[in-house]
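The values are calculated or read from the model by the stated rules, or taken from the named source; none is laboratory data. These numbers come from a predicted model, not from an experiment. No Cβ is skipped: glycine too gets one built from the backbone with ideal geometry, and neighbour counts run over all protein chains shown. Only protein heavy atoms, including side chains, enter the accessible area calculation; ligands, DNA and RNA are left aside. Shrake-Rupley method; radii C 1.70, N 1.55, O 1.52, S 1.80 Å.
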Amino acid sequence: MSSLVLLFIFYTETTQAQQFTTTNAQKLIFTNEDSLNAGSSTQKTVISGYGSAFYQRNFNQQQSVMTLERAVLFLGHQFSNKISFFSELEVENAKVEGGVSNNAEVSMEQAFLKFNLNANQYLVAGLFVPRIGILNENHLPVNFNGVERPMVETLIIPATWRELGVGFYGSSEKIPLNYSIAVLNGLEGENFEHGTGIRGGRPEGNLASANNIAVTASVQYYWKNFKFQVSGYTGGTVTLSPKGSDSLGLNSGAFGTPLYLGEADVQYESKGISFKALGVYIAYPEAGKMNTVYGNNTATGMYGFYAELAYNWLHKSNSKASFISFARIEALDMNATIAAHGEGIYDGTEKQTHLIVGFGYLPMPNVVIKADVRLLHTGPQNPALIINPQPNALPYQQNNQFLNLGIGYSF
């Protein structure tokens, strides 16, 4: 529930800005983790959690899949009014045997100490989720529309991106403004994979290299029914020693072979209508050198943006329930620009447009039933990247349709 970190920020900063979530019903969510964050828990040690499961039909492949997508257990403890501990243990896809199987995974989603400095500022230290984008801090299944997380905040900004480090968070006493800055371990560029952007380069607390580091920062501003945010990230991507990196022609050091990410988003909510939009760009100027060494065909530039409009049909009722219909359009390109001189190969399938239309019913703020249809369009395949050409493989289809059904909870 690094997603719940956002909720705790809202509760600890209510003197500066009202809590901002998608629907009126979702504003009522208050979990055991939130109570610990807000300092209102009557217990020193609290347990909380969230999870989701879904069914998906891939119409091109004529195949369906069902999975317990994730189950997360939160355990927290308040040592004093100034110091608290937060941790989340996550199981993805239900079952792990002999290591990783069928994308199953057991991992720590967060484990950090929080130090309250004063009413407006605090520090976190350990494994935590930095404030980048909308979803990263706020990924409870009851708090976003659609069975699947937005593709842009999965493939361009890796969802639940957590790293080891120290973060400073605060809010202004005079204006409705929040801010953050954090120093983290850097990414492992040798583990970037074609087709998944920078996701594979996240150590996520697993023996992360301290040879390279990263800095991330954000600013949030509230105005009437709007919430605006800009955030950024920069960090080194080479984990080798100076001698090892020199032998491969790579730039090492704290910010050696840097990667830059910039993001801006806006959210609006009033009278049952909600809107959000986000844009992000990643620049990786020295990707060509990494491709030469590791052959991972990473792009020098990636981008993504989306816009979503939703309406809660029950917003006028006195019930805590919500019935939300929504539509979201997403566009992204994981190889918007590629390295010159043959150090990168363009793949049209990484330029994608997604149209998602669906609904979510929340009988109460902490439970959701979801359904949506996702229409996918991509660019054409590059023949240079086809491993199994026809007739060994079926011809690539640039258009596909998915039906998604899901449930989610938080407590």
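Note on segment 83-99: among residues that are at pLDDT 95 or above and open to solvent by 60 Å² or more (accessible area, probe 1.4 Å), the one that is nearest to TYR396 (Cα to Cα) is LEU89. If only one of TYR281, TYR303, TYR233, TYR222 is part of a strand (DSSP E or B), of a type in the set (Ser, Thr, Tyr), open to solvent by 70 Å² or more (accessible area, probe 1.4 Å) and within 18 Å of ILE132 (Cα to Cα), which one is it? Every option except TYR281 fails the conditions.
If only residues of segment 118-144 that are among the polar types (S, T, N, Q) and open to solvent by less than 10 Å² (accessible area, probe 1.4 Å) are counted, the one that is nearest to the chain's Cα centre (by Cα) is ASN136. Selection of segment 170-195 for residues being touching a helix residue (DSSP H, G or I) at 6+ places or on another chain (Cβ under 8 Å), open to solvent by 10 Å² or more (accessible area, probe 1.4 Å) and at pLDDT 95 or above yields GLU188, GLU190, ASN191.
Among the residues of segment 168-193, those identified as part of a strand (DSSP E or B) and within 18 Å of MET108 (Cα to Cα) are LEU184, ASN185. For the condition assigned to a strand (DSSP E or B) and buried (at least 21 other Cβ atoms within 10 Å of the Cβ), what is the one hit in LEU261, LEU250, LEU309? Exactly one of LEU261, LEU250, LEU309 is assigned to a strand (DSSP E or B) and buried (at least 21 other Cβ atoms within 10 Å of the Cβ), namely LEU261.
Restricted to segment 285-315, and to residues that are among the aromatic types (Phe, Trp, Tyr) and over 30 Å from ASN251 (Cα atoms), which residue is farthest from the chain's Cα centre (by Cα)? Looking at the filtered set, the residue picked out is TRP313. Reported count of residues in segment 346-394, each being open to solvent by 70 Å² or more (accessible area, probe 1.4 Å), part of a loop (DSSP other than H, G, I, E, B) and farther than 20 Å from SER64 by Cα, is 8.
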